[in-house]
Amino acid sequence: MALTESTMLELGTHAPDFALTDVTTGKQVRRDDFRGKALLVMFICTHCPYVKHIEKTLGKLGRDYADKPLAIVAISSNDAATHPEDRPEGLKAQAEAHGFPFPYLYDETQDVARAYKAACTPDPFLFDANHKLVYRGQYDSSRPGNGVPVTGEDLRAAMDAVLAGKPVSKDQRPSIGCNIKWRG
């Protein structure tokens, strides 16, 4: 495991386009399916201990915001040849086990991860209703073994600000996790 920080993509960046298959439904999901809604894009996977540390709370996060004008998608971009647990069937099992109520997309070519400059898992990117980046950074201050409860407070504060039409604090700390497993 290589401990990696998110790249902290420049705030105001427009959400890069994507059209990927949802591993739970088999349907194609596009960025433009969420026009007029805020959009949370989270790069996650099945095997990373940092994702495992928060995955039980991701389903609740999705359910808590399900009736809001905010869409959530998770994307796995890891090379499944070197990390077979990150194949679509493994992602589907993770989504089902943790009750993810949002699409979980597989980025086999890794083009979407590159477009977002995603670096680690988890790596969340929150865009406003115009799909301009307003938050990129940590889920919360909890890390495996540090004893801090997993709450998602940093990301939730940003989501709540966007939904209330308020500015998101620019004091944002990078996400930390496993590096995305790029193809050789």
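The values are calculated or read from the model by the stated rules, or taken from the named source; none is laboratory data. Every value quoted in this text rests on a predicted model; they were computed, and no experiment measured them. Glycine also receives a Cβ, built like all others from the backbone with ideal geometry; neighbour counts cover every protein chain displayed.
Below are the figures for this structure:
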read-out	value
Residues of region 92-106 classified as part of a helix (DSSP H, G or I) and either touching a helix residue (DSSP H, G or I) at 6+ places or on another chain (Cβ under 9 Å) or surrounded by fewer than 16 Cβ atoms within 10 Å (Cβ to Cβ) (or both), total	6
Which listed residue, of T7, T109, T21, is assigned to a loop (DSSP other than H, G, I, E, B), surrounded by fewer than 18 Cβ atoms within 10 Å (Cβ to Cβ) and at pLDDT 95 or above	T109
Search result, residues across region 30-51 that are touching a strand residue (DSSP E or B) at 6+ places or on another chain (Cβ under 6 Å) and buried (at least 20 other Cβ atoms within 10 Å of the Cβ)	F34, A38, L39, L40, V41, M42, F43, I44, C45, C48, Y50, V51
Some residue of region 58-75 being assigned to a strand (DSSP E or B), over 14 Å from the mean Cα position of the chain (by Cα) and surrounded by 15 or more Cβ atoms within 10 Å (Cβ to Cβ)	no
Single match in A164, A158 (criterion: out of contact with any Leu (no Cβ under 8 Å at 6 or more places or on another chain), small (G, A, S) and more than 17 Å from E55 (Cβ to Cβ))	A164
